[in-house]
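Below: one structure, written as structure tokens.
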Amino acid sequence: MMNKSNIAILVLIGILFSSCTMKKETMPPNILFIAVDDLRTELGCYGNTVIKSPNIDQLAHDGVLFSNHFVNVPTCGASRHSLLTGMRPISKDYLRNDITELTLTNKQEQDAPETFIHHLKRNGYHTVGIGKISHSADGYIYGYNEAPSTKQELPNSWDELDFDYGKWKSGWNAFFGYANGENRQSLKRQVKPYEKGVVNDTGYVDGLTTKLAISKLNQLKKSSKPFFLGIGFFRPHLPFNAPKKYWDLYDRDSIPISPNPMIPEGVNLKSLHESGELNGYKLGEEKASLNHPVSEQYARTLRHAYYACVSYIDNQIGHILKELNKLGLDKNTIVVVWGDHGWHLGDQQMWGKHTIFENALKSPLIIKVPNKYKSKSVNSIIETVDIYPGLMELCNIKLPDSLDGKSFVSILEQKNMQTDNVAYSYYRDGISLRTNRYRLTKYYRKEEPTIELYDHNSDPFESKNISNDNKEIVEKLIPILEKGNKEIFY
């Protein structure tokens, strides 16, 4: 027989256990956000049968793959600004890489949230940044050839901002780093745009970022607060430098060149560019040009280098996800992998981003939500500005008053939902509208043609501007495009 005292103790234990269980169940989800620079949809989960990306592919299998995600600006800093603020550009300044520094760095804590990360912080999250989340390589403001500063690009967003510079001694040196500890700046650009380093994963800085992220996860495991951990990987941004073992995954002759390596028909060259970013690496074997394409051999070399970098980063992501699972954090952590824009990998005779063609605007977006939406593919159009409100809804956090983006969660709740979503993108004095079928682009310039139309049902590689032969379609789409026109090119 149990006495009253023993019964009371058991009841108290039951209450405490129930309370702990309830607290655990109602704990807001953590967020592990992985940003990958210049990552296009060149992944197995997006249909590439040659590239080796098993870890990202597995994440896509375990979560949601957005097959039609488009960035709002095809350049690093401005694209990330749209991500962080949930807002499309409102002036030409918002197409600049330093727009975050220009508009957010001096904001006061009491102002409206500077970013969605700041908004999470205001709602009880512990926020940690490692690497390139905003435009800065390490979160601090200084020039490529300067020593690191102590001025944060996002002063209100981070509880912790960390980075391992390794042998490169600064974030920008590491960003453009080579295996011997030198970098593009120190070598006066007298470098190749790629390197096959005889080093292990930490012979380049992204391997050090992985080690730091794993260490930080172990610390965050002990936290009583939900966390946001942002990790920004540098590759496959130029230079295409990766350890030799990732190059060795590929037979170069089996790597296909671009399915659309020529300048599109019916466009003005003002819509394109001269691959200046690639050509800035002065020891490249060939110079890319709109006057003359690079050889097929050199195109394969560059694509091989890009593929090696993607596989290198895929392995880093795999290590981090493995640690997340090992610590049991996967059970209450939303995982996001996002590419900050696409990249012309020889497409339309260009190498780089900085256009409002499909290949510069389309990028990966994969989101894994614990115990929900497994193995789901979303074909609806999603813009980068939609990520902010979508994550807030998943975390049950009220949004600020005004955002351009709209949450994607309603799409996830319905199987195979088809919507009339569209995406707006801005660059090169133009606005591009993407619908489920068409891309319509309008340029605000004197050089004709100023209207380009591509039908993705018949021409997914955007090889021919068909606007002249499809006036009715253009007239139907122009009013939709104008809805995204904030008159930034007037």
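The values are calculated or read from the model by the stated rules, or taken from the named source; none is laboratory data. Model, not experiment: these values are computed from the prediction. Note: ideal-geometry Cβ built from the backbone for every residue, glycine included; neighbour counts use all protein chains shown. Surface areas here come from the heavy atoms of the whole protein model, side chains and all, with no ligands, DNA or RNA. Shrake-Rupley method; radii C 1.70, N 1.55, O 1.52, S 1.80 Å.
So that you can scan it fast, the table gives a plain yes or no per residue for (1) open to solvent by 10 Å² or more (accessible area, probe 1.4 Å); (2) more than 30 Å from Asn468 (Cβ to Cβ); (3) of a type in the set (A, V, I, L, M, F, W, C):
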residue: Ser375; (1), (2), (3): yes, yes, no
residue: Phe408; (1), (2), (3): no, yes, yes
residue: Leu440; (1), (2), (3): no, no, yes
residue: Leu453; (1), (2), (3): no, no, yes
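Only one residue in Lys270, Lys353 is under 30 Å from Val422 (Cβ atoms), among the charged types (D, E, K, R) and touching a Pro at 6+ places or on another chain (Cβ under 6 Å), so which one is that? After ruling out the rest, the residue left standing is Lys353. When you look at Leu283, is it over 30 Å from Ala423 (Cα atoms), open to solvent by 40 Å² or more (accessible area, probe 1.4 Å), aliphatic (A, V, I, L, M) and touching a Lys or Arg at 6+ places or on another chain (Cβ under 9 Å), yes or no? Here the answer is yes, as Leu283 does meet what is asked.
Condition test on Glu448, is it open to solvent by 40 Å² or more (accessible area, probe 1.4 Å), of a type outside the set (Val, Ile, Thr) and farther than 30 Å from His119 by Cα? When the stated conditions are applied, Glu448 passes them. The residue that is nearest to Gly86 (Cα to Cα), counting only those in region 328-372 that are modelled with pLDDT of 95 or more and open to solvent by 30 Å² or more (accessible area, probe 1.4 Å), is Lys362. Among the residues of this structure, Ile334 does not count as one that is under 17 Å from Leu212 (Cβ atoms) and either assigned to a loop (DSSP other than H, G, I, E, B) or among the aliphatic types (A, V, I, L, M) (or both).
In region 217-256, the qualifying residues are those that are buried (at least 17 other Cβ atoms within 10 Å of the Cβ) and farther than 29 Å from Tyr307 by Cβ, and the one that is nearest to the chain's Cα centre (by Cα) is Phe228. For the residues Ser149, Ser136, the requirement of being under 25 Å from Leu217 (Cβ atoms), hydroxyl-bearing (Ser, Thr, Tyr) and not in a helix (DSSP H, G or I) singles out Ser136. The residue of region 90-111 that is modelled with the lowest pLDDT, among those that are of a type outside the set (D, E, K, R) and not in a helix (DSSP H, G or I), is Gln110. Residues in region 269-280 that are surrounded by fewer than 16 Cβ atoms within 10 Å (Cβ to Cβ) and hydrophobic (A, V, I, L, M, F, W, C): Leu269 only.
Pairing residues of region 286-302 that are touching a residue at least 40 places away in the same chain (Cβ under 8 Å) and aliphatic (A, V, I, L, M) with residues that are open to solvent by 60 Å² or more (accessible area, probe 1.4 Å) and outside any loop (DSSP other than H, G, I, E, B), at Cβ distances under 9 Å and at least 6 apart in sequence or on separate chains, gives Leu290/Leu269. Annotation for region 383-392: at least one member residue is touching a Ser or Thr at 6+ places or on another chain (Cβ under 8 Å) and hydroxyl-bearing (Ser, Thr, Tyr).
Only one of the listed residues (Ser275, Ser224) is closer than 21 Å to Asp162 by Cα and polar (S, T, N, Q). That residue is Ser224. Residues in region 27-55 that are in a helix (DSSP H, G or I) and either free of Cβ contacts under 8 Å to residues at least 40 places away in the same chain or under 13 Å from the mean Cα position of the chain (by Cα) (or both): Gly44 alone. For region 124-132, does any single residue satisfy the condition of being open to solvent by less than 20 Å² (accessible area, probe 1.4 Å), hydroxyl-bearing (Ser, Thr, Tyr) and in a loop (DSSP other than H, G, I, E, B)? Taking every residue of region 124-132 in turn, at least one turns out to be open to solvent by less than 20 Å² (accessible area, probe 1.4 Å), hydroxyl-bearing (Ser, Thr, Tyr) and in a loop (DSSP other than H, G, I, E, B).
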